[in-house]
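Here's the structure we're looking at; comments come further down.
Nothing in this text is a laboratory measurement; each read-out follows from the coordinates by a stated rule. Everything quoted here is computed from the prediction, not taken from an experiment. A quick note on method: Cβ atoms are made from the backbone with ideal geometry, for glycine too, and the neighbour counts reach across all protein chains shown.
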Amino acid sequence: MSRLLQALLVIAPMVFSGTARAEGYSRMTDRDAFVSLTTGRDLALPIFGVTLKIVASGQIEGNAMGGPVSGRWEWKDGLFCRSMTWSGTEIPTNCQTVEVADQARLRFTSDAGQGKSAIFVLR
């Protein structure tokens, strides 16, 4: 795994974990509500040049720091479970809680809500 990817995987959640604790988020546990909110929209983490599309059929498509991202996702027991590849580097499967604020931001928290969080802007 490249040092840049390692840095991204370690630093990105830490950068957003402090702001992720802000009020106003509510937990999403329903797949259909998640799909309805994300269909036709990009999930962006602009500071890292990340733009992703979550496709209802279970695909993830996009770019991060100039490299392609692809993967699969499923909704399992109220969690968003995904596996991805970035520029040929596999990112391990992880199931995450999803919370929404203002229908404009999604907070994903790794390890079924026990890990680090990252906030994506919906565009």
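List of remarks:
- Take the Cα of V55, step 7 Å toward its Cβ, do the same at V121, and the gap between the two points is 2.6 nm.
- Backbone N within segment 48-82 under 18 Å of label point (7 Å from R31 Cα along the Cβ vector): 54-61, 71-82
- Modelled label positions at F48 and N63, each set 7 Å beyond Cα in the direction of Cβ, lie 1.7 nm from each other.
- Centroid-to-centroid separation of segment 36-62 and segment 96-120 [C-alpha atoms, Å]: 14
- Note on R41 and S70: the extension gain reaches 8.8 nm, defined as 0.36 nm multiplied by sequence separation minus the Cα-Cα distance.
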